[in-house]
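Take a look at the structure set out below.
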Amino acid sequence: HTVKYAFGLEELERKLSGYLSVPKVIVVSGDSDELPVVKKELGRATVQQMKNRVSPGDVIAVAGGTTLASAADMMVPDAKWNNTIFVPARGGLGEKVEIQANTISSAMAMKAQASYRLLHVPDQLSEDTRRSLMQEPGVQEVLALLKSASLVVHGIGEAKTMAGRRTTSASLRSRLEEESAVAESFGYYVNQDGKVVHRENTVGLQWDELRPDQTVITVAGGSSKAKAIDAYMRYRPSSILITDEGAAKAILNQS
Ligand code: F6P
């Protein structure tokens, strides 16, 4: 039974990798919408994949969200983390402090016994303020580190959920609805075709700055995120998708 089951997950991984054109897909069993323990498994798998790819001294960029918070929970010390630096991928995006990138990357670093930097930039900045903040030496140091990151780890959210979780104005919410935004990551909102319909004005890693030599690990699960994962993954740079059976089956069934 176990072997058959494992084969089932492998098959899902293979199919999803083909369907989304992602080089590597990891599917953990269960649906994190139904069982919280599955989110822990997503976290465990994320740490494992990070460990497979990291070398001592590397810079690791980490985004926010509850899924990445569970990866931070699963982090343990290992020689692989020697001299690594954990850096938040973005400044604040109006989320609760427990799930902000700053909190998660520093928590991961502390558990890994590595070092970290913080990015102290508030959200919803005017373009002028954002530009002048980016001239600050402390901010510039973190931005330079982000550019040198060899690993980028991030989650994906449903557009509506994310707009609700953040301090999003009513006018932006209705614009996102009009534009049929389905997914969000890094402050970018995309529609079903993966087209960017809105971009939050924050400081941090930008997609167009990602290089092919960087490993991008995307982690998102739960059948409710199927559409969001599908939309986001088709056109975004990602080396590894870590998801769960609930999301994987829902993505493939609706394809
Ligand atoms: O807000 C940070 C963030 O990484 C978003 O970009 C993403 O949509 C979201 O968190 C995912 O959050 P969760 O793992 O809680 O669904």
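Its Kirkwood hydrodynamic radius, worked out from the mean inverse distance over all distinct Cα pairs, puts the stretch 32-144 at 14.7 Å.
Amide H contacts of Glu200 (H built 1.01 Å from N, in plane; Pro and chain starts excluded): Tyr188, Tyr189 sit under 5 Å, all sequence-distant by 5 or more or on other chains.
Summing Cβ point charges (Lys, Arg +1; Asp, Glu -1) relative to the Cα centre of the stretch 46-110 gives a dipole of roughly 140 debye. Our summary gives the chain a relative contact order of 25 percent, counting only alpha carbon pairs under 8 angstrom and 6 or more residues apart. For the Cα trace of the chain, dividing Rg by the Kirkwood Rh returns an Rg/Rh value of 0.96. Solvent-accessible surface of the stretch 84-186, averaged per residue with a 1.4 angstrom probe and all protein chains in place: 47 square angstrom. Applying Stokes-Einstein at 10 °C and 1.306 mPa s to the Kirkwood radius of the stretch 105-152, computed over alpha-carbon pairs, gives a translational diffusion coefficient of 130 µm² s⁻¹. Remark: the stretch 141-183 is approximated by an ellipsoid whose semi-axes, taken from the C-alpha gyration tensor as √(5λ), come to 29, 12, 9 Å, largest first. The H on the amide N of Val62, modeled in the peptide plane, is under 5 Å from the matching H of Val87, Ala89, Val153, each at least 5 residues off or on a different chain.
For the stretch 6-49, the residues whose backbone nitrogen is under 14 Å from a point 7 Å from the Cα of Asn253, taken along Cα to Cβ, are 30-34. Using R0 = 35 Å, the C-beta based FRET efficiency linking Glu136 and Lys40 works out to 0.40.
Counting only DSSP beta bridges whose two residues both lie in the chain, roughly 30 percent are antiparallel. Once backbone amide H atoms are built at 1.01 Å from N, Gln192 has Val182 as its partners under 5 Å, excluding neighbours fewer than 5 places away on the same chain. The portion of the accessible surface of the stretch 98-255 made up by carbon and sulfur, rounded to a whole percent, is 49 (1.4 Å probe; DNA, RNA and ligands excluded).
Each pair of Cα atoms in the stretch 8-79 enters the Kirkwood radius, and Stokes-Einstein at 4 °C and 1.567 mPa s then converts it into a translational diffusion coefficient of 95 µm²/s.
The values are calculated or read from the model by the stated rules, or taken from the named source; none is laboratory data. The structure presented is a predicted model; accordingly, all values stated were derived computationally and were not measured. Counting neighbours? That spans all protein chains shown, and the Cβs are built from the backbone with ideal geometry, glycine included. Just the protein is used for accessible areas: all its heavy atoms, side chains included, with ligands, DNA and RNA removed. Shrake-Rupley method; radii C 1.70, N 1.55, O 1.52, S 1.80 Å.
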